[in-house]
1. Look at G332 and say whether it is without any contact (Cβ under 8 Å) to a residue 60 or more places away in the chain, assigned by TED's automatic domain parsing to the domain that holds K394 and farther than 24 Å from V266 by Cβ.
2. Considering only helices (runs of 4 or more DSSP H) fully contained in segment 726-798, which possess at least 3 residues that are closer than 23 Å to E650 by Cα?
3. When you scan segment 769-776, do you find a residue that is over 22 Å from C700 (Cα atoms) and touching a helix residue (DSSP H, G or I) at 6+ places or on another chain (Cβ under 6 Å), even just one?
4. What single numbered condition from (1) in contact with a Gly (Cβ under 9 Å, 6 or more places away or on another chain); (2) within 25 Å of A199 (Cα to Cα) fails to hold for P78?
5. Which of (1) among the small types (G, A, S); (2) buried (at least 23 other Cβ atoms within 10 Å of the Cβ); (3) free of Cβ contacts under 8 Å to residues at least 60 places away in the same chain is the odd one out, the single condition G874 does not satisfy?
6. Please list, ordered by residue number, the strands (runs of 3 or more DSSP E) wholly in segment 203-281 having 1 or more residues that are within 16 Å of the ligand (Cβ to nearest atom) and touching a Phe, Trp or Tyr at 6+ places or on another chain (Cβ under 8 Å).
7. Please enumerate the residues belonging to segment 198-217 that are surrounded by fewer than 19 Cβ atoms within 10 Å (Cβ to Cβ) and touching a residue at least 60 places away in the same chain (Cβ under 8 Å).
Amino acid sequence: MAAPDTATAPRAIHRLDYRPPAFLVDSADLHFDLDPAATVVRSTLVLRRNPKAEDRHAPLRLDGEGLTLLGIKVDGVPFPKTHYTLGEDGSLTVPNPSDILVLETEVRIAPEENTAFSGLYTSGGNFYTQCEAEGFRRITFFPDRPDVMTRFTVAITADKARYPVLLSNGNPAGAGDGEGGKHWAKWEDPHPKPSYLFALVAGDLVAVSDYFTTKSGRDVVLNIWVRAGDEDKCAYAMDSLKRSMKWDEEVYGFEYDLDVFNIAAVSDFNMGAMENKGLNVFNTKFVLAKPDTATDGDYQGVETVIAHEYFHNWTGNRVTCRDWFQLSLKEGLTVFRDQQFSGDQGSRAVKRIRDVRGLRAAQFPEDAGPMAHPVRPDSYIEIDNFYTPTVYQKGAEVVRLLHTRIGAQAFRRGMDLYVERHDNSAATIEDFRAAMQDASGVDLSAFAKWYEQAGTPEVTAEGEYDEAARRYTLTLRQKTPPTPGQPEKRPLPIPVAMGLLDAGTGREQPTRLQGENEARTGTRTLMLEDAEARFVFEDVPAPPVPSLLRGFSAPVKLKGLPLDQLRTLAARDTDPFTRWDSGQQYAAAVMLGMVAAHRRGEPPGFDPALAEAVRANLAGADADPAFAAEALPLPGEGFLADQMDLADPEAIHLVRRHLRRRIGAECADALRETYERLADTGPYSPDGASIGRRSLRNACLAYLAAAGEDGMRLARAQFDAAANMTDVLAALSLLAESEEHGPAALAAFHARWRGDELVVDKWFSIQAMSAQAGTAARVRELQRHPDFSLRNPNRVRSLLGAFASGNPYRFHNRSGEGYALLADAVIALDPINASTAARLVGPLGLWRRQAPPLSGMMRRELERVLAAPNLSKGTYEKASKGLA
Ligand code: ZN
């Protein structure tokens, strides 16, 4: 099957084609007359030719999509049809505009028919918007690009009984009753902003309210708007918001700049949340939490996303992006900031471990696949496809590199300078780097390559000890594999935070590099700037073990450390990240050996060091249960697959299952002892220490359940007795693997929680991630369950996303039925919600990572998707790049 011919294939947008806008919009006055079937939007734009535009005679072009134009005036006079054109793409062009004009348009839209959840849509009878990246053009005609920043006023009229609450950006500026049971409200946003930050929320909502006093003494009203009945699930979101506001003042000096901060929660949402100025809109998943319905992971998600969106107020809103290629300017930086914040709330080390685990699980595979792109991409077909782990998480790692390179104080000065230079304007990644460089006096030009070059660099280390000279030479080499469109890679500046341990005693040694006068204690950072660099350490009394990439000082793959060194590091390193990582790398190496043996048809064998490590970990767990909980589980199936030339999901799963059973049996006493010792966790609290104890206890339970029926009975008892969702769900996920216990436990869970949509999502996910043989068939069947709907993105992700991305063993079932059901779902979803469909198709694009016949079956399903009629741009881009 061939791709559609190039004449009809969607066109790519290129970064180097950026041109300043022809017109600026000084002010936008919007009026909404809300109706689900026919909302009328009247807009008055004060437009002015951009003095910085290249072409001083360019036409005025306004984006539009699916708008029904009811009327148009220029400077107060009806504008004749001969003076403008409506393009096939929905845009409006005025070929000969004057240099200053007032343009009034009146359009009609149908929010209730908007199943894409981009623009103005309805959900549960209420109105919500999502405008990033290009949704505003589905609301009214506008230059819908982030470098056009405008002062907005918004008036909303709607039926008072059905839509008692009327919200938009900025500060409230009046409200009153109108005719025919209608009422109105007016909002004024004093800060100029791009259209993607526009928001409107209206409906039957209730507020949970509080306030925050800023550092300069202003009281800000905080409201979280939810459906009636959800008020008791907002406390943690509110608490996280207040802590975020305080933290941003203390760490960056950023103060909130409006009188009110509104958050609205909605069940139908394509992403996590959106930072609209003064009116954040959130997926309910990242607002609503109470102990009996939300897990520890959910609580952490709420804290992180609340912080992330709040932090955008300065990094994203006050200073925004010039164009969408600069997306990481706001996203990478804001993820870095929310990671810093969450680290400061609890254990920095544990937070770092979790973030790196996430990066490796999502970003590394992306960087090695057909959608690999630089943190600052060079082209896209559908910008929606570039809200990726690379732009967000790798982008945050690159900001961290700059932070590491220049230090916290210079970084803070750099942020001040960045905001001073670019406040109320649209900036580029280069502008950010220049501010950091100017504030620190450090030449950061080489770091630009981290934004330009895709792929995960591989770093190898080789040590040589010269006993006579008491000298240790460390050679570091780097290499980045080719990615689509970038066959040749240049070396990147890689900070390698490191130390040396004495191989015999495991103690940390002071280090003195050749040429230095004094030895240093503790971690130091080596800069690997070329393809290869040698570092010579003097006065090294005995052969050392190098501890490298402490704290994960760069987003690279460190390869080839010998097993005995990994064991020493896992037991003794002073850096918690390297200690954790070395344990994981050791286990991974052993497991990959077992996978190879399994493929040769040999018996699996067992490395007793793995059981020893578990016992040692449990023995020392009291010092830091949260760390112990991270170190206890074996590396995940995806992490192992990524280290093979070609993945073998089945062999990996069987080896991992075998090992879990064996370790569970060998360490049963210690596991049971820890499990029981941590039994009394008291009333639920989502603080780091309590989460750590629950995680550790549930990690013990998982091993015990893997070992056999005794453990399964423990899980059943925990499922029946637990009062918080963390413990209930941990038990349920184990029971679901058992033919004996699974069906009854799942039925009981559904019966108990059928009225809570976020909990029902969990019920779908657990079944989708089961290793049981019938899982693919079960996922098919569950799509016909009355609670399933392709129209709700959370539901789609919880069933189909969880299956395709969270269950490699059953997704890559030899029958191919996993691939076929995913392709069927993508084809059915694409006309309803293209953005969610394009995300869902991703796993099929990774077919080159599988061996035949799996790879061929995946490819054919991808071809079937690509051949579907009227495919959206986004799904087309993912499928065609997957096949290229
Ligand atoms: Zn963001």
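1. So G332 fails the test.
2. The helices (runs of 4 or more DSSP H) meeting that bar are 757-768, 775-782.
3. Yes, segment 769-776 has at least one match.
4. Tallying (1) in contact with a Gly (Cβ under 9 Å, 6 or more places away or on another chain); (2) within 25 Å of A199 (Cα to Cα), P78 fails exactly one: (2).
5. The number of the failed condition is (3).
6. Filter on segment 203-281 gives 260-266.
7. Within segment 198-217, D204 is the sole residue that qualifies.
Here is a yes/no grid of residues against (1) surrounded by 15 or more Cβ atoms within 10 Å (Cβ to Cβ); (2) closer than 20 Å to V391 by Cα; (3) touching a Lys or Arg at 6+ places or on another chain (Cβ under 9 Å); (4) among the aromatic types (F, W, Y):
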site	(1), (2), (3), (4)
I429	yes, yes, yes, no
F432	yes, yes, no, yes
V442	yes, no, yes, no
Q453	yes, yes, yes, no
P457	yes, yes, yes, no
E467	no, no, no, no
R471	yes, no, no, no
L474	yes, no, yes, no
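The values are calculated or read from the model by the stated rules, or taken from the named source; none is laboratory data. Remember, it's a predicted structure, so these values are computed and weren't measured experimentally. Glycine gets a Cβ as well: all are built from the backbone with ideal geometry, and neighbour counts include every protein chain shown.
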